[in-house]
Structures are given as structure tokens and as C-alpha cells.
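Visitor: Could you have a look at this structure, given as C-alpha cells, before my questions?
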Protein chains: 2
Amino acid sequence: MPAYTHHAFVCTNVRPPENPKGCCAAKGSPELVAAFKAALERHGLHGTAKVTSSGCLGPCARGVTMVVYPEGTWYGGVTLDDVETIVSEHFVGGTPVARLVMT
Amino acid sequence: MPAYTHHAFVCTNVRPPENPKGCCAAKGSPELVAAFKAALERHGLHGTAKVTSSGCLGPCARGVTMVVYPEGTWYGGVTLDDVETIVSEHFVGGTPVARLVMT
């Protein structure tokens with residue numbers, strides 16, 4: 001199996017609108033996954049990096065949340081505007097985007 | 001954020017029954033996720049290991065598929081009967097279950 005340099009899991013969990021926890025899907029995470037896949041293609045990373053949707057990752061209040069393995073970088077509050085930055089600076093450049101890292 | 005010793009992603013992708021690729025959901029992966037969560041509790045691994053459902057991981061014909069990070073171990077053909085073995089031998093014991101590893 002491929003040993004991806006970066007395998008990102010983006011939470012696409014869905015909760016009912018009345019749930020006080022909210023959910024990443026309501027914050028646009030399905031569109032984020034599609035944007036990440038397009039960005040990987042654009043940067044020629046098909047087969048070396050991968051983005052997969054995931055169930056609930058935990059820190060719901062800080063969604064959209066995602067985790068990048070194997071290094072284990074957790075991002076929160078990710079929006080469509082951040083996709084190109086994450087792919088170019090982190091997946092290509094090797095430096096996580098500090099302002100989005102959850103600690 | 002927690003640095004899990006083992007963060008497993010189990011494919012729960014759904015495809016229509018007529019799709020020739022099949023899908024991991026039809027092979028019982030949602031029940032697998034629940035069984036993994038129960039096994040983690042049983043072994044006292046809550047907070048140190050985690051199991052999350054995921055979208056399509058790729059090798060559909062070899063489902064149920066899963067990947068364990070940060071080490072990047074890929075398993076295929078996983079069934080309910082394998083859950084206790086994976087948790088006790090791999091997550092607790094530290095040795096991946098060789099017969100299920102996809103290469």
C-alpha cells in the first residue's frame with residue numbers, strides 16, 4: 001500500500017441542526033474535501049498525498065477539523081480559503097500552517 | 001491535541017448495490033467501527049487509541065479496509081472476528097496482525 005507523505009482526514013460528520021454541538025458538515029466540510037482533492041491534482045500530488053473524509057474527530061466546536069498523518073498535525077477552523085495554503089505550504093513545502101494548528 | 005498511539009480509520013463508504021466495485025459498508029464496516037470502539041473501552045485505551053470511520057480508502061475489492069496511523073499499517077478483509085485480535089495484538093501488544101496486512 002502507498003506510504004503517503006500526507007494523508008489528511010477531514011471531518012464530514014453530520015448532526016441535526018438543533019444539536020448544540022454543531023457539526024463540521026454544516027460548516028462546509030464536504031466542499032472542503034472536494035477542494036482538497038482538486039488542489040492535490042493541481043499540485044501533481046495524486047498518489048503521494050491523499051485526502052479522505054472522516055467521521056467525528058472530536059473537537060466539534062473548532063470545526064472544520066482535520067488531522068494529517070503520519071505526522072499527526074491537527075487543524076481547526078479550516079475554511080475553503082485555507083485549502084491552497086495547506087496544500088502548498090504544508091503538503092508541498094513541508095511546513096504546517098501554524099495559525100490553523102490545534103494544540 | 002492527543003497524539004494517539006494508534007488512530008485507526010475504518011472505511012464505511014456506501015455504494016449502490018448494483019455498483020460492481022462493492023463497498024465496505026455492505027461488508028459490515030459500521031458494525032466493525034462500533035466493535036472497535038467497544039474493544040478500546042474494554043482494554044482501557046480511551047484517550048490513547050482512537051477509531052474513526054472514513055470515506056473510501058481505495059482498495060475496495062479488499063474491504064473491509066482500514067489504515068492505522070501514525071505507523072501507516074493497512075489492513076484488508078477485516079471482519080468482526082478480527083477486532084479483538086487487532087486491538088489486543090496490535091494496539092496493546094504493538095505487533096500488527098500479519099495475515100490482515102495489505103502490501
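Here, each number is a calculation from the coordinates, and none is a lab measurement. Predicted, not measured: the structure shown is a model, and the values here were computed from it. We place every Cβ from the backbone using ideal geometry, glycine too, and count neighbours over all the protein chains shown.
Visitor: In whole Å, how far is the Cα centre of segment B:1-73 from that of segment A:14-47?
Guide: Distance between centres, Cα-based: 19 Å.
Visitor: Give the calculated FRET efficiency between A:A34 and B:S88 to the nearest 0.05, with a Förster radius of 35 Å applied to their Cβ-Cβ distance. Walk me through the intermediate numbers first.
Guide: On the way: r = 38 Å, r/R0 = 1.10.
Efficiency for this residue pair is about 0.35.
Visitor: Now a separate question. Quick one: which of A:11-24, B:63-76 comes out on top by average Cβ neighbours within 10 Å, and what's the full order, highest first?
Guide: The densest-packed peptide leads the list: B:63-76, A:11-24.
Visitor: Which distances, shortest first and in nm, link A:E89 to the matching position in the other copies, using label points set 7 Å out along Cα to C-beta?
Guide: When each copy's label point is compared with this one, the spacings are 4.4 nm.
Visitor: Scaled to the compact-protein estimate 2.2 N^0.38 Å, what is the alpha-carbon radius of gyration of segment A:3-82, rounded to two decimal places? Don't skip to the end; give the middle numbers.
Guide: On the way: Rg = 12.6 Å, N = 80, 2.2 N^0.38 = 11.6 Å.
Here the answer is 1.08, to two decimals.
Visitor: Can I ask one more? What are the nm distances, shortest first, from A:G47 to its equivalents in the other copies, labels at 7 Å along Cα→Cβ?
Guide: Result for A:G47, in nm, nearest copy first: 4.4.
Visitor: Let me ask you something else. Give the angle, between 0 and 90 degrees and rounded to the nearest 10, that separates the Cα long axis of helix A:29-42 from the longest principal axis of the Cα atoms of chain A.
Guide: The angle comes out at about 10 degrees.
Visitor: What aspartates and glutamates does A:K50 reach when the alpha-carbon gap must be under 18 Å and sequence neighbours fewer than 8 apart in one chain are set aside?
Guide: Those aspartates and glutamates meeting the cut-off are A:E31, A:E41, A:E71, A:D82, A:E84, A:E89, B:E71.
Visitor: Around B:A35, under 15 Å between beta carbons, what's the net of Lys plus Arg minus Asp minus Glu among the other residues?
Guide: Local net charge: -1.
Visitor: Can you give the net charge of the other residues whose Cβ lies under 13 Å from the Cβ of A:F91, counting K and R as +1 and D and E as -1?
Guide: -2
Visitor: What is the extension gain from A:T79 to A:R62, computed as 0.36 nm multiplied by their sequence separation minus the C-alpha to C-alpha distance, in nm to one decimal?
Guide: 5.0 nm is the gain from fully extending A:T79 to A:R62.
Visitor: Another question about this same structure. Hey, what number do you get for chain B at 222 nm if only DSSP H runs of n ≥ 4 count, each worth -39500 (n - 2.57), divided across all residues, to the nearest 500? Display every interim value, and only then the final one.
Guide: Numbers: 1 runs with 14 residues, N = 103.
Helices in chain B give a 222 nm mean residue ellipticity of -4500 deg cm²/dmol.
Visitor: To the nearest whole number, what is the average tally of beta carbon atoms from other chains within 10 Å of the beta carbons of peptide B:52-65?
Guide: Rounded to a whole number, the mean comes out at 3.
Visitor: Let me ask another. Only Lys, Arg, Asp and Glu count, each charged at its Cβ (+1, +1, -1, -1), so figure out the dipole size of segment A:11-103 about its Cα centre, rounded to 20 debye.
Guide: 240
Visitor: At 7 Å along Cα-to-Cβ for each site, give me the label-to-label distance between A:A98 and B:A26 in nm.
Guide: It works out to 5.0 nm between the two label points.
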